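Accompanying notes for the structure given below.
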Amino acid sequence: MSLINQSATDLLAAMQAGSVRAVDVCQAFLDQIQQHDTTVRSFLQVDSDAALAAAAAVDSRRDAGEPLGALAGLPVAVKDLLCTEGEKTTCGSKMLEHFVAPYDATAIRKLKAADAVIIGRTNMDEFAMGSSTENSAFGTTTNPWDAAHAPGGSSGGAAACVAGSMAPLSVGTDTGGSIRQPAAFCGVTGMKPTYGRVSRFGLVAFASSLDQIGPLARTAADTALLLQTLAGHDPQDATSANLPVDRYTEALEQPLAGLRLGVVQEHLGDGVDSEVAAATQEALQVYQKLGASIQDISLPHSQYGIATYYIIAPSEASSNLARYDSVHYGYRCDEKAVAAEVREEREALLAAGQEDAARQVDSNLVRMFRKSRSEGFGAEVKRRIMLGAYALSAGYYDAYYLKALKVRRLIRNDYDAAFEQVDLIVGPTTPTAAFKLGEKLDDPLAMYLGDLFTVTANLAGLPAISLPCGLSSNGLPIGLQLQAPPFEETRLLRAAHMFQRATDWHTKSPEL
Ligand code: GLN
């Protein structure tokens, strides 16, 4: 089997055994990127020389018999919103087009400490707001299974590069589904860990109470491998959990005897594509054959998930994105043009005898903030800032933001009650397989509704994984979502691994 089609786990073992060199592994993926990423466009940046140098350093340290980190020599792609010292970290935004991060995010620091080879930075919806990667300021990523379709988002590049065999492992972020939905659309495995399991230090914030960094890979075993490096307490992130990290990779093979799976029947009914529902039913049968029991559960408040998420996430975003004032960070408009514009406006008003109005004209500074933000942010980001600022404004705060926080609690309570009866909740990751590029671009609400099954895990802070469970009649992947109680990542990974040992959906690759 060619290097690029092997699992990260196998590549690691081959490198450890000395049968494969890290530079050859790196070169194989770089070749694939060079050949196919002109169509897929999953990467915003690939520094081949730096990646090859990092791989060569691993080889020579191995030759010298030095101890190496847990991911030594494995190429890893990173979503372009993880600060990486000395590297451009754009978040898919014109606002940060030239921003060079002054330090490493904890996730990046850990990858480097594990001797992973960072192979490139992946495309994403601007500031992680979106479900199709069409909101990137730097062009759209396409779905490797069919270039007319969206790869999902916001970690579209992260999922597409794994599906296209351009990286064996990739790091994404998930605020409302941004790891799981693109994983489902691209036919790979992706996990959103429990809120607090992976440090957010150095992750450019979208919605801080929902954001979580997580792994994407071909298999559950590879997902476990990457999570092992990413997870853990970090004093630099006050919300990071000070709890021991399980040995995910070692736990994989332990059988999950008597596994109790919960299904929400409504998640297989109206509004869910029939092929997606059928693939989910078949996956349930696989689990049944493996000895799991299935029972109906109810998450009565999950019907308010979208409304709640699309109040809380934009509210936090409007506050987080206030920092892009073009002074501390980010794109700055043409200041001379601003000064001239302000002067001309004032003079025209004065000439017309409108002195009061002339006094109301922006100062140069205010006009610069305004213009820089208007020019630097894309339409979806502006929409979120306005939605959030509205929901947080005096007079609407109680009706929207505060109410959303209350519903968020009810959603979590539903999960807590369900997990008294079952070990995992199973359902489709998305209501449909990948939609066509452009199809939902003019209809933000339709785009938001696709997040129906993913946002509730973020609102409740729970871990969830998406794994391939079928192909639609037009050959597009379908994703199965498993959700678990807080900090039960091991249970998710074991259940996913169990499924992947019994099925071969995760072994299917698109022909590029
Ligand atoms: N699609 C969702 C949104 O647009 C989720 C994004 C994410 O998880 N970053 O907000």
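Would you mind ranking 287, 103 so that the residue whose beta carbon has the fewest other beta carbons within 10 Å leads the list?
103, 287
With the crude spin-label approximation of a point 7 Å out along Cα→Cβ, what separation in nm comes out for residue 70 versus residue 502?
The modelled label-to-label distance comes out at 2.8 nm.
Note down the nm distance, to one decimal, between modelled labels 7 Å out along Cα→Cβ at residue 413 and at residue 335.
So the two model labels end up 5.4 nm from each other.
Applying 1/(1 + (r/R0)^6) with R0 = 60 Å to the Cβ-Cβ distance of residue 362 and residue 47, what FRET efficiency is obtained, to the nearest 0.05?
The value I calculate is 0.90.
Please report 403, 436 as a ranked list, fewest other C-beta atoms within 10 angstrom at the top and most at the bottom.
436, 403
How big is the stretch 111-234 along each principal axis, measuring the range of its Cα positions in Å and listing the largest first?
41, 28, 21 Å, listed from the longest principal axis down.
Test of understanding: ordering 266, 420 by Cβ neighbours within 10 Å, fewest first, what list do you get?
420, 266
Between the stretch 451-489 and the stretch 17-47, how far is it from one alpha carbon centroid to the other, in angstrom?
So the two Cα centres are separated by 28 Å.
With r defined as the distance between the Cβ atoms of residue 449 and residue 278 and R0 fixed at 22 Å, what FRET efficiency is calculated, to the nearest 0.05?
Working: r = 21 Å, r/R0 = 0.95.
Efficiency at R0 = 22 Å is approximately 0.55.
Determine which lysines satisfy two conditions relative to residue 436: a Cα distance under 23 Å, and not lying fewer than 8 residues away in the same chain.
79, 508
With all pairs of different alpha carbon atoms counted, what Kirkwood hydrodynamic radius in Å does the stretch 301-377 show? Don't jump to the answer; show the numbers that get you there.
Details: mean 1/r = 0.0670 Å⁻¹.
With all distinct Cα pairs of the stretch 301-377 included, I get 14.9 Å.
Eigenvalues of the Cα gyration tensor times 5, then square-rooted: what semi-axes does that give for the stretch 334-451, in whole angstrom, largest first? It would help to have the intermediate numbers written out before the result.
Details: eigenvalues 448, 87, 25 Å².
Rounded to whole Å, the semi-axes are 47, 21, 11.
For the chain, what percent of Cα pairs sit more than 34 Å apart?
Tail of the P(r) past 34 Å holds 34 percent of the pairs.
Suppose the chain between residue 293 and residue 146 were pulled fully straight at 0.36 nm per residue; how much longer would it get relative to their current alpha carbon spacing?
49.3 nm
Kindly provide the helix-only [θ] at 222 nm of the chain, computed as the sum of -39,500 (n - 2.57) over DSSP H runs of four or more divided by all residues, to the nearest 500 deg cm²/dmol?
Rounded to the nearest 500, it is -12500 deg cm²/dmol.
Go through 382/440; 88/382; 110/192; 336/371 and tell me which ones have a Cα-Cα distance over 21 Å in this structure.
88/382, as the Cα separations exceed 21 Å there.
Are there any trypsin sites (Lys or Arg not before Pro) in the stretch 207-307 that are in a DSSP loop and have at most 15 other Cβ atoms within 10 Å? List them by number.
Details: sites: 218, 247, 260, 289; in loops: 218, 247.
Those that pass, being in a loop and sparsely packed, are 247.
Here, each number is a calculation from the coordinates, and none is a lab measurement. For clarity, every value in this text was computed on a predicted model and none was experimentally measured. Cβ sites come from the backbone with ideal geometry, for glycine too, and all protein chains shown count toward neighbours.
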